[in-house]
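Chemist: Got a structure here, written out as structure tokens. Questions coming.
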Amino acid sequence: MTERKPPEVSFESWIDKQIREAQERGDFEDLPGAGKPLPRGDEGEAWWIKGYLRREGLSGEALLPPSLRLRKEVQRLPETVSGLPTERAVRDAVAELNRRIAEHLRAPSGPPVVIGPVDAEEVVRGWRDARPVPTAPAAAPGTEPAPTRAPWWRRVLGRR
């Protein structure tokens, strides 16, 4: 569309001419969404944002201000750390979250939301409590269980 509208032609007829020529050239063939109804926007004012998030596979959480995102992360922390294999990994996850919270507190943005550092000991305690208690493997029938070994310092001192 490099040509300019001639001064003697009305806008409506000039635009109609442009559309007709594009249809004749086949410019409107095989467009994405061809043959599908137009979105009605039943989801409210931000229907196009919701559609974009759905198409891109994103959650609406990506649009939240940092203070609210951090608050949600703190609330979900027990579920987040439940899949971690070691206490060190849990402490590292809490330390990373606390680092981001401290960063936010230094230069807050978004709505004022009360948020503070997470207590690592409390999170680790909850992580331990939620883990299944390991059980000793059962001895085969007809065999005696293996004797448990005393700690090294008891063996050195000769105490059981």
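The values are calculated or read from the model by the stated rules, or taken from the named source; none is laboratory data. Nothing here was measured: the structure is a model prediction, and the numbers come from that model. For neighbour counting, all protein chains shown are included, and Cβ atoms are generated from backbone atoms with ideal geometry for every residue, glycine included. Note: areas computed on protein heavy atoms with side chains; ligands, DNA, RNA excluded. Shrake-Rupley method; radii C 1.70, N 1.55, O 1.52, S 1.80 Å.
Chemist: Give the span of segment 64-105's Cα atoms along each principal axis, as three whole-Å numbers ordered largest to smallest.
Modeler: 31, 17, 10
Chemist: From the residues Val9, Pro65, Val124, which one has its Cα farthest along the dipole of the chain in the positive direction, the dipole being from +1 and -1 charges on Cβ of Lys/Arg and Asp/Glu about the Cα centre?
Modeler: The residue sitting farthest along the positive end of the dipole is Val124.
Chemist: Students often forget the sequence filter, so: which lysines lie under 24 Å Cα-Cα from Lys36 once same-chain residues fewer than 8 apart are removed?
Modeler: Output for Lys36: Lys50.
Chemist: In what order, largest first, do Ile49, Ile19 sit by accessible area if the probe radius is 1.4 Å?
Modeler: Result of the area sort, largest leading: Ile19, Ile49.
Chemist: I'd like the accessible area for Lys36: 1.4 Å probe, protein heavy atoms, all chains in place, Å² to the nearest 10.
Modeler: For Lys36, solvent-accessible area is about 150 Å².
Chemist: Pull out the extension gain between Val114 and Arg25, defined as 0.36 nm times the separation in residues minus the alpha carbon to alpha carbon distance; nm, one decimal.
Modeler: 26.0 nm
Chemist: How much accessible area does Glu122 have with a 1.4 Å probe, in Å² rounded to the nearest 10?
Modeler: The value for Glu122 is about 110 Å².
Chemist: Between Glu122 and Leu38, what is the FRET efficiency for a Förster distance of 35 Å, r being their Cβ-Cβ separation, to the nearest 0.05? Can you show the working numbers first?
Modeler: Numbers: r = 52 Å, r/R0 = 1.49.
That pair, Glu122 with Leu38, gives E of 0.10.
Chemist: With springs only between Cα atoms under 10 Å apart, run a GNM on the chain and tell me which of Trp14, Trp127, Trp48 wobbles the most.
Modeler: Maximum among the listed residues: Trp14.
Chemist: Rank Leu84, Leu97, Leu105 by accessible area, highest first, at a 1.4 Å probe radius?
Modeler: Working: Leu84 45, Leu97 5, Leu105 90 Å².
Heavy-atom accessible area, descending, gives Leu105, Leu84, Leu97.
Chemist: While we're on this one: For Leu157, Leu68, Leu77, give me the order by solvent-accessible area with a 1.4 Å probe, most accessible first, ignoring ligands, DNA and RNA. Write down the numbers at each step before the final one.
Modeler: Numbers: Leu157 105, Leu68 60, Leu77 10 Å².
Sorted by accessible area, descending: Leu157, Leu68, Leu77.
Chemist: Springs between alpha-carbon pairs under 10 angstrom, Gaussian network model over the chain: which of Pro108, Pro65, Pro37 fluctuates most?
Modeler: Pro37
Chemist: Oh, and also: For Lys17, list the lysines whose Cα falls under 18 Å from its own Cα; do not include residues on the same chain fewer than 8 positions away.
Modeler: Qualifying lysines at Cα under 18 Å: Lys5.
Chemist: When the Kirkwood hydrodynamic radius is evaluated over all pairs of different C-alpha atoms of the chain, what value in angstrom, to one decimal, is obtained? The partial results should precede the final answer.
Modeler: Numbers: mean 1/r = 0.0420 Å⁻¹.
The Cα-based Kirkwood calculation yields 23.8 Å.
Chemist: Taking the 0 to 90 degree range and rounding to the nearest ten, how far is the long axis of helix 47-56 tilted relative to the main principal axis of the chain, both from C-alpha atoms?
Modeler: It works out to around 60 degrees.
Chemist: While we're here: From the phi angles alone, apply the Karplus equation (6.51, -1.76, 1.60; θ = phi - 60°) to segment 109-124 and give each ³J(HN,Hα) in whole Hz, x where the residue is Gly or Pro.
Modeler: 9, x, x, x, 10, 6, 8, x, x, 8, 7, 5, 5, 5, 5, 5
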